[in-house]
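Engineer: One structure is given below, represented as structure tokens, and several questions about it will come after.
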Amino acid sequence: MEDYKTNIDNFSKIEVQKSANSLKKEIDEDYKSVKNLFTLLLIFGIPTTGYSVYMMFWGVSKKVKKTINEKIETIVEQKREEIIKLINSQEFESNLKNTKKILVISPNEDAQDEIKRTMSNFKFKNVLFRIHKSFTTVPEHDLIVFNNVDGEFLQKEINEIMADINGDDVCFVAYTTKNLERNPRLNFANAKYTLYHSILSTLSYVESLKEA
């Protein structure tokens, strides 16, 4: 329920801002009415106290809060399907990050140290790191990421790894600024932002193949 509430609040921010703007005129009119009433009280010498003035302004504030809450309820009801889809999408993404095994292969130790820092920020739970040609057995994995951001990997080396790991449901992501040959099993990313989304989209694709 807390996650649901958080998503509703985030999804409604823009709409609430629009509603708040539309309420501004009404609020200004209420304030003007209170101000005029206060002026009349002074003109006619009617005793006023801090409490009575507070109560007048509190009434306006209460009305504004009630109106905004009603607006939010209306937005949530109208956008219910979109909100449900948003929550389901985030749950699916969280499941991928928590359960899928990612193998990251780097050309050297320096490149591996850098990608470790990057991947730690992405919050994937099961990530293994290997340096190319330093291992003989490929660990169990759901996705392989080629860490080629410095362009150290040769096209031939990438092709050999992909050829050794057969299967239509086995996919790869190349984190690279270097042009590589296109392959239907290979997705690309040339920056940290696109790397994150390429990993998630490729994992989603692999998952859809398993469910087909």
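The values are calculated or read from the model by the stated rules, or taken from the named source; none is laboratory data. This one's a predicted model, so the numbers in the text were calculated from it and none came from an experiment. Heads up, the Cβs are rebuilt from the backbone with ideal geometry, glycines too, and the neighbour counts pull from every protein chain shown. When the accessible area is computed, the model is the full protein with side chains, heavy atoms only, and any ligands, DNA or RNA have been set aside. Shrake-Rupley method; radii C 1.70, N 1.55, O 1.52, S 1.80 Å.
Engineer: Restricting the search to segment 143-168, which residues are out of contact with any Phe, Trp or Tyr (no Cβ under 9 Å at 6 or more places or on another chain) and within 18 Å of TYR205 (Cα to Cα)?
Structural biologist: Selection gives ASN166, GLY167, ASP168.
Engineer: What are the residues in segment 186-205 that are surrounded by 17 or more Cβ atoms within 10 Å (Cβ to Cβ) and either within 22 Å of ASN159 (Cβ to Cβ) or β-branched (Val, Ile, Thr) (or both), if any? Reasoning before the result, please.
Structural biologist: Pass one, segment 186-205, residues surrounded by 17 or more Cβ atoms within 10 Å (Cβ to Cβ): 186-189, 195-196, 198-200, 202-203.
Once the filter is applied, which keeps residues that are surrounded by 17 or more Cβ atoms within 10 Å (Cβ to Cβ) and either within 22 Å of ASN159 (Cβ to Cβ) or β-branched (Val, Ile, Thr) (or both), segment 186-205 yields LEU186, ASN187, PHE188, ALA189, LEU195, SER198, ILE199, THR202.
Engineer: Next question, about the same structure. Cβ-Cβ distance below 8 Å, separation of 6 or more or different chains: which pairs start in segment 184-212 with a residue that is within 14 Å of ASP142 (Cβ to Cβ) and end on one that is part of a helix (DSSP H, G or I) and open to solvent by 50 Å² or more (accessible area, probe 1.4 Å)?
Structural biologist: Between residues of segment 184-212 that are within 14 Å of ASP142 (Cβ to Cβ) and residues that are part of a helix (DSSP H, G or I) and open to solvent by 50 Å² or more (accessible area, probe 1.4 Å), the close pairs are ASN187/SER201; LEU200/GLU93; SER204/PHE92.
Engineer: List, please: which pairs have Cβ atoms under 9 Å, are six or more places apart or on different chains, and start with a residue in segment 121-149 that is farther than 18 Å from GLU160 by Cβ and end with one that is acidic (Asp, Glu)?
Structural biologist: Correct list of pairs: ASN126/ASP142; LEU128/GLU140; ASP142/GLU207; VAL149/GLU114.
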